[in-house]
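The values are calculated or read from the model by the stated rules, or taken from the named source; none is laboratory data. All values reported here derive from a predicted model rather than from experimental measurement. All Cβ positions, glycine included, derive from the backbone under ideal geometry; neighbour counts span all protein chains shown.
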Amino acid sequence: MCGGRSSRFGADKTLATFNGRPFIEKVLAAATQVAPTYLVSKNPLKFHFLLGRYRFGLVVEGEGVYSPLVGVRAALLQIPARALLFLPADLPFVSPELLRWIVSHPPPVVVKDSNRLHSLVTFLPKAAVTVVDSLLKRGEHRVFRLHRELKTEELPLHLFSHRDYSLKSLTNINRKEEYLETLCR
């Protein structure tokens, strides 16, 4: 999922670099080791530099509202799969092992750490599109509402700690300050 405006970050965070690679490339590197991969974006042409490096498809969200649920809907409608793993593009530490762990559970599932639901780190069945449509018709654009209506199983991230003891796999970068802090680690 890379269709947001990055308003809190102040620039396109999918193209921000960490260890010499854009965030989106780090997410693609992990995801393409696990399953067929698609970028969901309002502006997929900005990722032309990745063509040839990774095998991935593109899903264009279309014009209008910037909303993760609009992107989820577009993917559920356009990608030929029974279930889809969704990831935000701002997870520079995401690992293929974590993604394999998530998809080893029957959908719908979403990852939760101690007190935070990672709403866009989720594995959804294709049938979830009916609930997404219902939410969008009501003007609801928050992904956590989708999980509430689907009664999505929450996967506690600490159950993955034997593979990621620092639990940094889901560190996402939303603000410039977080980015600078990550660079200094």
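Anything in region 143-156 that is in a helix (DSSP H, G or I) and touching a residue at least 12 places away in the same chain (Cβ under 8 Å)? List them, or say none.
Answer for region 143-156, where residues must be in a helix (DSSP H, G or I) and touching a residue at least 12 places away in the same chain (Cβ under 8 Å): V143, F144, L146, H147, E149, L150.
Could you say which residue among R100, R138 is of a type in the set (K, R) and touching a residue at least 24 places away in the same chain (Cβ under 8 Å)?
Selected residue: R100, the only one of R100, R138 that is of a type in the set (K, R) and touching a residue at least 24 places away in the same chain (Cβ under 8 Å).
Out of (1) part of a helix (DSSP H, G or I); (2) farther than 25 Å from L77 by Cα, what's the single condition that is false for H162?
(1)
Output yes when any residue across region 103-116 is under 16 Å from the mean Cα position of the chain (by Cα) and surrounded by fewer than 14 Cβ atoms within 10 Å (Cβ to Cβ), and no when none is.
Yes, region 103-116 contains at least one residue that is under 16 Å from the mean Cα position of the chain (by Cα) and surrounded by fewer than 14 Cβ atoms within 10 Å (Cβ to Cβ).
Here's a check for you: in region 10-40, which residue that is among the β-branched types (V, I, T) and more than 11 Å from L50 (Cβ to Cβ) is surrounded by the most Cβ atoms within 10 Å (Cβ to Cβ)?
It comes out as V40.
Can you tell me how many residues within region 27-78 are over 24 Å from T171 (Cα atoms) and touching a Phe, Trp or Tyr at 6+ places or on another chain (Cβ under 6 Å)?
Here the count works out to 2.
Go through region 41-69 residue by residue and tally those that are aromatic (F, W, Y), touching a residue at least 24 places away in the same chain (Cβ under 8 Å) and either under 17 Å from L85 (Cα atoms) or surrounded by fewer than 20 Cβ atoms within 10 Å (Cβ to Cβ) (or both).
Matching residues across region 41-69 total 3.
Could you tell me whether L170 is modelled with pLDDT under 70 and under 19 Å from A89 (Cβ atoms)?
Criteria not met by L170.
For residues in region 16-37 being in contact (Cβ under 8 Å) with a residue 60 or more places away in the chain and part of a helix (DSSP H, G or I), which is nearest to I79 (Cα to Cα)?
Looking at residues that are in contact (Cβ under 8 Å) with a residue 60 or more places away in the chain and part of a helix (DSSP H, G or I), I get A31.
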